[in-house]
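Participant: Sharing a structure below in structure tokens format, with a few things to ask.
The values are calculated or read from the model by the stated rules, or taken from the named source; none is laboratory data. On a predicted model such as this, the values are computed, not experimentally measured, just so you know. Methodologically, a virtual Cβ is constructed for each residue, glycine included, from the backbone with ideal geometry; neighbour enumeration extends over all protein chains shown.
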């Protein structure tokens with residue numbers, strides 16, 4: 001698995017500070033994923049005046065013009081699963097369904113199943129209706145709610161989690177669907193709650209709330225919303241995973257699945273896959289960088 005040196009430069013830049021990145025920040029409007037790159041390549045996005053270096057595991061928007069460097073080889077995957085290999089000094093324009101205006105050594109490879117679509121974003125939910133209506137003191141929001149706005153979850157298995165609150169002896173976790181029907185109302189001492197199988201449905205929106213209880217009552221509160229990916233995208237995700245499991249380069253297959261999960265907003269799944277890929281190939285800086293982006297998104301914006 002080869003990557004351009006740009007990933008190494010980016011990693012050092014992000015080592016200083018990595019601002020939180022949500023899936024839509026990198027993938028919205030993209031139609032192709034750089035599968036691998038040996039050497040150097042550039043792309044000019046629609047409306048851009050100059051070409052920019054690109055690297056493996058990078059998403060490209062429709063209308064991007066690719067130029068592969070001398071003695072370099074690049075592979076790209078389109079959302080429809082079509083794959084292309086571009087050789088030394090090849091040029092092509094990335095379209096939704098194919099590469100257009102191609103010149104130089106460009107050949108089509110065996111396709112993969114279509115890549116799932118980006119899950120619609122959902123912001124932090126309204127305050128959900130609940131039997132407990134006491135309010136936490138101002139400035140005592142619970143941090144680290146996952147999943148939350150801009151992220152997604154699988155219908156099953158799904159785990160809700162949040163940061164521990166100092167002084168809390170127990171927590172009340174409440175979950176509602178988009179029609180304000182209660183799906184879960186659980187008192188627990190744990191900051192991780194596994195949602196029972198069959199509770200969540202594919203392609204739905206949910207809101208959830210956590211109340212932290214101390215000796216004097218409620219001491220903190222957190223509210224968030226998320227979506228579950230659709231049944232169609234569940235199948236696309238499974239088909240893509242099965243196809244990439246047969247990739248000779250196991251680290252590459254895991255990294256590609258992780259990028260697809262990141263695109264879907266499945267950050268925990270993406271994190272686990274990137275970590276597994278690094279176990280197989282610990283020196284790939286591009287995977288390190290991609291994992292840093294996922295962990296940044298998991299960390300979220302302070303106060304969210």
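Participant: Given the conditions (1) assigned to a loop (DSSP other than H, G, I, E, B); (2) over 30 Å from residue 270 (Cβ atoms); (3) modelled with pLDDT of 90 or more, report the number of the one that residue 131 does not fulfil.
Facilitator: Tallying (1) assigned to a loop (DSSP other than H, G, I, E, B); (2) over 30 Å from residue 270 (Cβ atoms); (3) modelled with pLDDT of 90 or more, residue 131 fails exactly one: (3).
Participant: Tell me whether the stretch 183-192 contains one or more residues that are surrounded by 15 or more Cβ atoms within 10 Å (Cβ to Cβ) and touching a helix residue (DSSP H, G or I) at 6+ places or on another chain (Cβ under 9 Å).
Facilitator: no
Participant: Under 8 Å between Cβ atoms, at least 6 apart or on separate chains: pull out the pairs that start in the stretch 226-253 with a residue that is more than 17 Å from residue 154 (Cα to Cα) and end on any residue that is surrounded by fewer than 17 Cβ atoms within 10 Å (Cβ to Cβ).
Facilitator: 250/280; 251/280; 251/281; 253/245; 253/246
Participant: Given the criterion out of contact with any strand residue (DSSP E or B) (no Cβ under 9 Å at 6 or more places or on another chain) and modelled with pLDDT under 90, identify the matching residue among 277, 258, 299.
Facilitator: Just one listed residue meets the conditions, 299.
Participant: Also, quick follow-up: For the stretch 23-101, give me every one of the strands (runs of 3 or more DSSP E) that falls completely inside it and has 1 or more residues that are more than 29 Å from residue 296 (Cα to Cα).
Facilitator: Answer list for the stretch 23-101: 65-68, 73-78, 83-86, 91-94.
Participant: Among (1) surrounded by 17 or more Cβ atoms within 10 Å (Cβ to Cβ); (2) in the same structural domain as residue 266 (by TED's automatic domain parsing), which single condition is residue 207 missing?
Facilitator: So residue 207 meets the others, but not (2).
Participant: Mind counting the residues in the stretch 258-282 that are more than 8 Å from the chain's Cα centre (by Cα) and surrounded by 24 or more Cβ atoms within 10 Å (Cβ to Cβ)?
Facilitator: Result for the stretch 258-282: 3.
Participant: Let me ask you something else. When you look at residue 159, is it surrounded by 12 or more Cβ atoms within 10 Å (Cβ to Cβ), under 24 Å from the mean Cα position of the chain (by Cα) and at pLDDT 90 or above, yes or no?
Facilitator: So residue 159 fits the description; yes.
Participant: Give me the residue from the stretch 102-118 that is over 29 Å from the mean Cα position of the chain (by Cα) and in a strand (DSSP E or B) and, out of that set, nearest to residue 238 (Cα to Cα).
Facilitator: Ranking the candidates gives 107 first.
Participant: Here are some residues: 256, 278, 252. Which one is part of a helix (DSSP H, G or I) and more than 22 Å from residue 76 (Cβ to Cβ)?
Facilitator: Result of the check over 256, 278, 252: 278.
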